[in-house]
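Undergrad: Sharing a structure below in structure tokens format, with a few things to ask.
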Amino acid sequence: MTEDSASRAALVTDPHDMKQVVPPTREEVASDLVSAEVARLGSPLDPPDMKSASPASGRTWTIGTTAGFTATGYLPAWAEEDPSDSGVPLDELQLRLADINHWTHFDGQTMQVRLPAFGGEASQVGEAQVFRGSIDCNPYAEEPEPRVPVVNLAIIEDFWINDLDPEALGDLAAKLRAQADRLDHEIRPRLIDIRADWAQHRSAQTPLDTGSSDVLDRDVFGSGPQQQDHEPWPER
């Protein structure tokens, strides 16, 4: 092949206007791939900018690839971690975007609770936080709810209420206030009356120190703290 024919073969031409079409660069191809992934996920946020590595203006995250450019996006002021990274292979960039999680945590109320038995060990009483949680935003999540900031709330330990928007969070807070009022104005006075009745009549029951083995048998009562064998509250 002559030099002239080789040059002609290397050109990509449009048969309609015979103008030379320049092949896309690797950077343009990568940007198209990321934009296509963002469109597939349906993110309401703008796709990350694909550009050569350079100092970013403002508060942003950057994920640098081995191809020599970075994906960048908005990093909220409240986010406690920066997902920025470098040296990421190009074929892993979409996964890294999907894993981005902006979060900030908030404390709950510390209370004494009975922890469930685990690994053959007996249940124990200890401190745990109730209604702790976090504000999270996963801008490239597959599901739409986490793509905007939401609250994830741990009732206790591993029992969570997820993806609460402002309306749902307000509804939950109202229910908790109603339950708190019930505990304070209904259950607490009732408990006081029940304890007073119990104090008045408890002397009528059989004492534990009778010394009569035929009345009290340790094999019946056991040597440890007694556990309820029924649900602590009736179903309504």
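The values are calculated or read from the model by the stated rules, or taken from the named source; none is laboratory data. Keep in mind that this is a model prediction, so the values were computed, not measured. Here the Cβ is made from the backbone with ideal geometry for all residues, glycine too, and neighbour counts use every protein chain on show.
Undergrad: Out of GLU142, GLU127, GLU121, GLU157, which single residue is under 30 Å from GLY68 (Cα atoms) and not hydroxyl-bearing (Ser, Thr, Tyr)? Let's see the steps before the verdict.
TA: Working: GLU127 fails: under 30 Å from GLY68 (Cα atoms); GLU121 fails: under 30 Å from GLY68 (Cα atoms); GLU157 fails: under 30 Å from GLY68 (Cα atoms).
Residue meeting the stated conditions: GLU142.
Undergrad: Restricting attention to the stretch 156-208, which residues are over 27 Å from VAL125 (Cβ atoms), among the small types (Gly, Ala, Ser) and modelled with pLDDT of 95 or more?
TA: Across the stretch 156-208, the qualifying residues are ALA168, GLY170, ALA173, ALA174, ALA178.
Undergrad: State yes or no: is ARG114 basic (Lys, Arg) and crowded, with 16+ Cβ neighbours inside 10 Å?
TA: Details: basic (Lys, Arg): yes; crowded, with 16+ Cβ neighbours inside 10 Å: no.
Against the criterion (basic (Lys, Arg) and crowded, with 16+ Cβ neighbours inside 10 Å), ARG114 does not qualify.
Undergrad: Moving on. Whether any residue in the stretch 110-117 is modelled with pLDDT of 95 or more, in contact with a strand residue (DSSP E or B) (Cβ under 9 Å, 6 or more places away or on another chain) and of a type in the set (Gly, Ala, Ser) is what I want to check.
TA: No, the stretch 110-117 contains no residue that is modelled with pLDDT of 95 or more, in contact with a strand residue (DSSP E or B) (Cβ under 9 Å, 6 or more places away or on another chain) and of a type in the set (Gly, Ala, Ser).
Undergrad: A follow-up question, please. Of the residues in the stretch 156-181, how many are within 13 Å of the chain's Cα centre (by Cα) and at negative phi?
TA: 6
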